[in-house]
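Here the structure comes first, spelled out in structure tokens, and everything after it is commentary.
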Amino acid sequence: MKSRVECFLIEPTERAACKLRRYVSSSDPEHGKCSGPMGYHDASTPIGERALDPSVTDHFALIDRSQPPHDDPRWPTKCDGCGYVFRDEDHWQLFDEVIYVRRDTGAEMTLRTAPAGALWDCSWWPDKGPDGHHWCVKLPPGGPCDEWQIDGPSNDGGRWTRSGVAPRLTARPSILTSRYHGFLTDGVLEEC
């Protein structure tokens, strides 16, 4: 059965979810490929929230803060996707993700945990659409790598044509990623 998902707006709050994160770059062949959704070894443990500085416009900028010691038991020890056991030389990161709020229901989420249909303005991207926004939507099935930049470059080097007012956007031609093929029409993602 083909999926049909209605889009909804999410907007950033002035709070971030803080996590202790371990990962191994996907370009490091010594560690093997991960079968999980990220394609590389990755795991994180939530440790709380912090307030964001409202003057900072790049919500992905990580603030340099001291990490807990590496013997802290809250650090992940295994990859969430495949069970790879992290080594001491693998990356250790105090990681922040902006908390977004769903405009119509008040539900909170991060971009990583947002379900299919979540639509947000990537205000930090330099390329803007006709309304001055750079819209991005979470495609089905809704995993952490299922983001599509409506106002980004298309596979053929051109751009999608976008019309409408968010969240009721229409984009052409069709969307084609490694995990999804469909259309965005009047705010609805419909699988081909």
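Touching a Pro at 6+ places or on another chain (Cβ under 9 Å), surrounded by fewer than 16 Cβ atoms within 10 Å (Cβ to Cβ) and of a type in the set (Lys, Arg): is that true of Arg87 in this structure?
Considered against the rule, which asks whether it is touching a Pro at 6+ places or on another chain (Cβ under 9 Å), surrounded by fewer than 16 Cβ atoms within 10 Å (Cβ to Cβ) and of a type in the set (Lys, Arg), Arg87 comes out as no.
Which residue pairs have Cβ atoms under 6 Å apart, sit 6 or more places apart or on different chains, and have a first residue in region 81-94 that is not assigned by TED's automatic domain parsing to the domain that holds Pro144 and a second that is at pLDDT 90 or above and of a type in the set (A, V, I, L, M)?
Asp90/Val24
Provide a single number: the residues in region 34-89 that are at pLDDT below 90, within 23 Å of Gly143 (Cβ to Cβ) and among the polar types (S, T, N, Q).
1
When region 135-170 is examined, which residues are found to be at negative phi, in contact (Cβ under 8 Å) with a residue 24 or more places away in the chain and in a loop (DSSP other than H, G, I, E, B)?
Across region 135-170, the qualifying residues are Leu139, Pro140, Pro141, Gly143, Pro144, Cys145, Asp146, Ile150, Asp151, Gly152, Ala166, Pro167.
So which residues in region 1-23 are touching an Asp or Glu at 6+ places or on another chain (Cβ under 6 Å) and hydroxyl-bearing (Ser, Thr, Tyr), if there are any at all?
Once the filter is applied, which keeps residues that are touching an Asp or Glu at 6+ places or on another chain (Cβ under 6 Å) and hydroxyl-bearing (Ser, Thr, Tyr), region 1-23 yields Ser3, Tyr23.
Give the residue that is farthest from Ala116 (Cα to Cα), with candidates limited to residues of region 171-192 that are in a loop (DSSP other than H, G, I, E, B) and of a type in the set (D, E, K, R).
Asp186
The values are calculated or read from the model by the stated rules, or taken from the named source; none is laboratory data. Just so you know, these numbers come straight off a predicted model, no measurement behind them. Backbone-built Cβ (ideal geometry, glycine too); neighbour counts: all protein chains shown.
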